[in-house]
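Reviewing the structure listed below.
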Amino acid sequence: MKFTYEAYGQLIQTIREAGYKITDYHSFHNENRCCILRHDVDMDLGAAADFAQFEANMKEGPISATYFVLISSGLYNLYSKECMENLKRIIRAGHEIGLHFDEKRYLTEEHFDRGYLQECVLREAALLSDMLEKRVRCVSMHRPSKQFLEEDICFDGIVNSYSEKFFREFKYMSDSRMSWRENAE
Ligand SMILES: [Zn+2]
């Protein structure tokens, strides 16, 4: 698959034609065949906001996704005026904002501490909720460690998009820096 807006539109079309309903982390239970779209914003929130608008205006019909953003990014400052405007653009386009969490900011792989990690996620989620004036209800992990995935951690009131349930019951397809983890033809 090419990394163009057009190819993405075709992918969405294929998903819909296969009878899948595009849903989110909170209402997927209501669908028989469901697909959750998620974007982790590692680098460029402006580009993410443009994409969010593209998704909202797709000629095949608007779609909603979850945009996971980092509070601890070295590449964008979420609290800057520009970033806040981009976040608002994403929300106005009908998408959900979730927390993208980088455990390596707090822990080394040798010292994995489940309780501390839970605390840190809740703290960052509270900060992001405060910024957005809207409760953050889901989290995704930025380059999760093996321990994190194995521990299948729950967070109070926040959906862990890396929980075993999503990996066991869903087919997971993802790309990182424009390369698919498996063949997406
Ligand atoms: Zn990431």
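Data for the structure
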| quantity | calculated |
| --- | --- |
| Between helix 114-132 and the chain: long-axis angle, C-alpha atoms, 0 to 90°, nearest 10 | 60 |
| Label-to-label distance, nm, for residues given as Glu110 and Arg16 (7 Å Cα→Cβ offset) | 5.3 |
| Size of electric dipole in the range 37-172: Cβ of Lys, Arg +1 and of Asp, Glu -1, about Cα centre, debye, nearest 20 | 420 |
| Residue order, fewest to most surrounding Cβ atoms within 10 angstrom, among Met58, Met178 | Met178, Met58 |
| GluC sites (Glu not before Pro) lying in DSSP loop within the range 99-132, provided at most 13 other Cβ fall within 10 Å | Glu109, Glu110 |
| DSSP-assigned coil residues among trypsin sites (Lys or Arg not before Pro) in the range 1-75, each with at most 12 further Cβ atoms within 10 Å | Lys2, Arg33, Lys59 |
| Nonlocal amide H pairs with Cys34, under 5 Å, H built at 1.01 Å | Lys21 |
| Value of [θ]222 nm, deg cm²/dmol, for the chain, DSSP H segments ≥ 4, -39500 (n - 2.57) each, nearest 500 | -11000 deg cm²/dmol |
| Relative contact order (%) - criterion: Cα under 8 Å, at least six apart; region: the chain | 16 |
| Set of the range 1-25 residues, backbone N closer than 12 Å to the point 7 Å along the Cα-Cβ line of Ser64 | 22-25 |
| Förster-model FRET efficiency, 35 Å R0, Glu6 and Tyr79, C-beta, rounded to 0.05 | 0.55 |
| From the C-alpha gyration tensor of the chain, square roots of 5λ in Å | 26, 20, 16 |
| Antiparallel %, DSSP beta bridges [both residues in the range 37-172], to 5 | 5 |
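Rule-based calculations on the coordinates, nothing more; no lab input. Because the structure is predicted, anything quoted here is derived from the model rather than measured. All Cβ positions, glycine included, derive from the backbone under ideal geometry; neighbour counts span all protein chains shown.
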